[in-house]
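Note sheet for the following structure.
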Amino acid sequence: MKRFLTIFILLLFVQNALALSVELGIDEVLVVDNTTVTFDVAENNPNLVFLILESGNESVLKALHFGESISFGVVNYTVGSLDIETLTLRLHILGNYSRIEVVKRKDIDIALLEAFDKYLKVKIRNTGYYEINDTLLISSQGIVIREQGLHLRPGEEVIVKIMPPYNQLIFTLEEAKISKSIVISSLESLVTIDRIWRDDKLHVILKNHGDAVNATVKLLFSGMTIDKKEVVIGTSEQKEIIFEKDVTQGTIVVDYGVITQESFYFEAPMISLVKTVKEGEKLQIWLRNEGDQKFEGKVTVYQNGVIVSEPYYLDVNIPPGEEVSVGFIVPEDAQILTIGLTAQSYSATFPISIKSELEAKAVNSYAKAILGGTTSYAVVILGNGKVEFGVEGLPESIKAYFYYGDAQVRELDVVQNAQVSLVLKLPNLPQGFVLNEPIEFNMTVNDIKIPLKLEVTGMGILPVYGDNWLAKINYTSEYHHVGLPYRFAGNEITPPFVFEPWDGEKIAIIYGRYIRQGKDVRIHLLDSSGKIVQSSTQERGRSDFLIFNLSEFMLMIEGENYFDGALLVADYLREPKNISFELKKREFGEGLRTFIINVTSLRGQRLQFSLTSDKDVELRAYYFTLNNEKENFDPLSTNFKGVFKDKRKSINGEIGIRSYEDFVAIALIGEGNVTLEFKTTGGGPEVSELASREVYLLILGLIALLVLVVYLEKKMG
């Protein structure tokens, strides 16, 4: 029974043992579950490493050479290589643990919250492992503008307000010698003048975008102050200031420690005739004020220069941007009439022709929509009578509905006028039409045909994957770009995503957390009409990919329940070959070409590459076989995680092809005429391969240990 229990415990240990190699800097802390690991280096012997392990009230300090180990709890730590220049230690970890993390001992993160012309607000957060109890120096252009104590526990943050604002700030922890800087590219106005309008008084709307502020508001006419008000504008408050002066032009000046001003000029009213409807001897008139000034005056109706309306005139008051309706009694047989408007400083006339037949016109005759979405057209009908609605020339896959208000209709009794909405519901896949090409069709109102156009684009916009400027500004386009990785998410299946037209052989590949969890996904290739022409077939837990030559295409991703990941479409090389091309700036503001190279035939060799260009071009090389290596691919990021990076007109480099390598990725960033050449040479196994074999070595070692235990048990009786 004792022998069986020993064997069972060892087998259980083999099953749960985890092995990992970690790079640890001299200023960093390795956290393994509840244990912290730091190190120091002997000054007189750089090959001697002092390893400090702490857990609760227990701590151990051990001096170790390369290859020596120490066990702490259920985890074994083995000292690997030490980079003397950067003081970075490679530490091999073996044991049963659930969480591992490397963090700075002491570090701060600086985030700009508000940047106004009056002040700055900055958030300082302790992102290190230990508590900060230090003196914070804030400086600009070499001059310290503030000195204060900083006491922050890990994860705590404090907000600092700085007046006046500066273009560049440096935040320094005096004792820890940690400095972070921020550059303020632009300052926003703390207080803005949102609107100036006039009735019998002058109204000014001020908007405070930050903290409460005292302000002086002046009204200037011909450069002279004719009125002034002192106000307090609360935090993020919108405040209305009213001047009793009757002026039509001048300047508003706001002084809150910073001066902002805006001139104003009010033009005369602009009255337009919206429509008229005549039923027998009753004439109804709709007038709209298109100007910035209120209209106060009279309306009357003439025929051949003689007033024929009853009453003779009506007083009207039309505020700016609003519409009013007035009614008169006129001769029943009148066909040509003139509507007259008069005011103190404005007059206008509108000849009208009375018609009784129905009229219909589209307010918008063109619409653009996405697959799976809806779009609408507004149609105005003038006259009286019963109308029926329909469409002609619309693909059957697009469904049409007519709405009057909130009610869905197919026919309607129109009295004087009516506005109807034509709503189109689009399918998820293009059926009977092609994307990005106008579809011409007619909406019918009885025998009236109203020509309309519809353009359908691809479904959805994917955010750019990675920590780069495109993701930070949420760059979007009508189509997705070849060479850029994108984030995707879906439930069962995504809608199709449209990519830019791109000639040549390409690879579409998906990877990320969902694949890392061993789940299954498939990628479908569609042509521009929505037909699936190819689907991936890789097994579960592997990055699915497709290799294809289709120039105009869409991609659709299928998974289990909710899934997410990264999608990349790039140029594909079946083997390394010499290529020449022109690298041009793309729509997203950068020149970029990404090549995924199949290197299965080169395993165990070294791939040499040579680039020449008439301008400086950046070349980045990445391993692209393991899932986490694909996740590291981010060609426009400043945080480079590949294996080679250089920028110049002539670049030479090489990378080793590991024994299990499938792909490598080459990204070229910039502009110029580029020639890229490849050569292969023989080579031994890469150091990185050793890490991938550690699990197998661990299992073999534990099996040997098991044999030794059984042997000792037999010998001891």
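The values are calculated or read from the model by the stated rules, or taken from the named source; none is laboratory data. Quick caveat: nothing in here was measured; it's all calculated off a predicted structure. We place every Cβ from the backbone using ideal geometry, glycine too, and count neighbours over all the protein chains shown. These accessible areas exclude ligands, DNA and RNA; they are computed on the full protein's heavy atoms, side chains included. Shrake-Rupley method; radii C 1.70, N 1.55, O 1.52, S 1.80 Å.
Answer yes or no: is there a residue in the stretch 152-161 that is closer than 21 Å to ASN208 by Cα, surrounded by fewer than 17 Cβ atoms within 10 Å (Cβ to Cβ), in contact with a Phe, Trp or Tyr (Cβ under 8 Å, 6 or more places away or on another chain) and at pLDDT 90 or above. The answer is yes, given that some residue of the stretch 152-161 is closer than 21 Å to ASN208 by Cα, surrounded by fewer than 17 Cβ atoms within 10 Å (Cβ to Cβ), in contact with a Phe, Trp or Tyr (Cβ under 8 Å, 6 or more places away or on another chain) and at pLDDT 90 or above. Scan the stretch 174-217 for residues that are crowded, with 20+ Cβ neighbours inside 10 Å and either at pLDDT 90 or above or within 29 Å of the chain's Cα centre (by Cα) (or both) and the total you get is 9.
Among the residues of the stretch 284-309, the one identified as among the aliphatic types (A, V, I, L, M), open to solvent by less than 70 Å² (accessible area, probe 1.4 Å) and either in a loop (DSSP other than H, G, I, E, B) or farther than 15 Å from VAL326 by Cβ (or both) is VAL308.
Is it fair to say SER55 is loosely packed, with under 15 Cβ neighbours inside 10 Å and not aromatic (Phe, Trp, Tyr)? No: the conditions fail for SER55. Would you confirm whether or not the stretch 350-367 contains a residue that is charged (D, E, K, R) and modelled with pLDDT of 85 or more? Taking every residue of the stretch 350-367 in turn, at least one turns out to be charged (D, E, K, R) and modelled with pLDDT of 85 or more.
From the set of residues in the stretch 45-88 that are under 41 Å from the mean Cα position of the chain (by Cα) and either basic (Lys, Arg) or not in a strand (DSSP E or B) (or both), which is nearest to VAL31 (Cα to Cα)? Across the stretch 45-88, the extreme among qualifying residues is LEU87.
Count of the stretch 218-234 residues, restricted to those that are in contact with a strand residue (DSSP E or B) (Cβ under 7 Å, 6 or more places away or on another chain) and exposed (fewer than 11 other Cβ atoms within 10 Å of the Cβ), is 1.
Looking across ILE515, ILE507, one residue alone is assigned to a strand (DSSP E or B) and open to solvent by less than 60 Å² (accessible area, probe 1.4 Å). It is ILE507. Within the stretch 386-399, restricting attention to residues that are open to solvent by 30 Å² or more (accessible area, probe 1.4 Å) and under 20 Å from ASN417 (Cβ atoms), the residue that is modelled with the lowest pLDDT is LYS386. When TYR312 is tested against (1) open to solvent by 50 Å² or more (accessible area, probe 1.4 Å); (2) in contact (Cβ under 8 Å) with a residue 24 or more places away in the chain; (3) outside any strand (DSSP E or B), only condition (2) is not met. Return the residue satisfying two criteria in turn: it lies in the stretch 119-131 and is crowded, with 20+ Cβ neighbours inside 10 Å and not aliphatic (A, V, I, L, M), and of such residues it is nearest to GLY210 (Cα to Cα). Among residues in the stretch 119-131 that are crowded, with 20+ Cβ neighbours inside 10 Å and not aliphatic (A, V, I, L, M), the one nearest to GLY210 (Cα to Cα) is ASN126. Residues that are open to solvent by less than 60 Å² (accessible area, probe 1.4 Å), in contact (Cβ under 8 Å) with a residue 60 or more places away in the chain and farther than 25 Å from GLY504 by Cβ within the stretch 606-646 comprise ASN627, GLU631, SER637, listed in sequence order.
With respect to the conditions (1) closer than 24 Å to GLY466 by Cα; (2) of a type outside the set (S, T, N, Q); (3) surrounded by fewer than 23 Cβ atoms within 10 Å (Cβ to Cβ), GLU539 falls short on a single one, namely (1). Is there a residue being buried (at least 17 other Cβ atoms within 10 Å of the Cβ), under 26 Å from GLY512 (Cβ atoms), β-branched (Val, Ile, Thr) and touching a residue at least 12 places away in the same chain (Cβ under 8 Å) anywhere in the stretch 597-605? Yes: one or more hits. Scanning the stretch 447-475 for residues that are within 21 Å of GLU396 (Cα to Cα), open to solvent by less than 70 Å² (accessible area, probe 1.4 Å), modelled with pLDDT of 75 or more and of a type outside the set (Val, Ile, Thr) turns up LEU452, LEU454, GLU455. Looking at ASP109, ASP134, just one residue is touching a strand residue (DSSP E or B) at 6+ places or on another chain (Cβ under 7 Å) and surrounded by fewer than 17 Cβ atoms within 10 Å (Cβ to Cβ), and that residue is ASP109. Every listed requirement among (1) surrounded by 21 or more Cβ atoms within 10 Å (Cβ to Cβ); (2) among the aromatic types (Phe, Trp, Tyr); (3) closer than 21 Å to ASN673 by Cβ is met by PHE581 save one, (1).
Against the conditions (1) surrounded by 15 or more Cβ atoms within 10 Å (Cβ to Cβ); (2) modelled with pLDDT under 85; (3) under 26 Å from the mean Cα position of the chain (by Cα); (4) within 24 Å of LEU371 (Cα to Cα), PRO430 satisfies every one except (3).
Among the residues of the stretch 254-263, those identified as part of a strand (DSSP E or B) and either touching a helix residue (DSSP H, G or I) at 6+ places or on another chain (Cβ under 9 Å) or open to solvent by 20 Å² or more (accessible area, probe 1.4 Å) (or both) are ASP255, ILE259, THR260, GLN261, GLU262, SER263.
Applying the criterion of being touching a Ser or Thr at 6+ places or on another chain (Cβ under 6 Å) and outside any strand (DSSP E or B) to the residues of the stretch 89-118, the residue that is farthest from PHE66 (Cα to Cα) is ASP117. Filtered by the rule that a residue be under 13 Å from SER236 (Cα atoms) and either hydroxyl-bearing (Ser, Thr, Tyr) or touching a Ser or Thr at 6+ places or on another chain (Cβ under 6 Å) (or both), the stretch 169-207 gives SER189, THR192, LYS207. For the stretch 373-384, give me each residue that is modelled with pLDDT under 90 and either of a type in the set (S, T, N, Q) or open to solvent by 30 Å² or more (accessible area, probe 1.4 Å) (or both). Within the stretch 373-384, THR374, LEU382, ASN384 meet the criteria.
Looking only at residues in the stretch 542-554 that are in contact with a Ser or Thr (Cβ under 8 Å, 6 or more places away or on another chain) and either part of a loop (DSSP other than H, G, I, E, B) or open to solvent by 100 Å² or more (accessible area, probe 1.4 Å) (or both), the one that is farthest from ILE523 (Cα to Cα) is GLU552. Among the residues of the stretch 563-575, those that are in contact with a helix residue (DSSP H, G or I) (Cβ under 9 Å, 6 or more places away or on another chain) and open to solvent by 30 Å² or more (accessible area, probe 1.4 Å) comprise ASP564, GLU575. Applying the condition of being open to solvent by less than 100 Å² (accessible area, probe 1.4 Å) and outside any strand (DSSP E or B) to the stretch 327-344 and asking which residue is modelled with the lowest pLDDT yields ALA334. PRO269 fulfils the conditions (1) of a type outside the set (S, T, N, Q); (2) open to solvent by 40 Å² or more (accessible area, probe 1.4 Å); (3) assigned to a loop (DSSP other than H, G, I, E, B) except for a single criterion, (2). Condition check: open to solvent by 80 Å² or more (accessible area, probe 1.4 Å), among the acidic types (Asp, Glu) and farther than 30 Å from ASP333 by Cβ. Does GLU281 satisfy that? The answer is no for GLU281.
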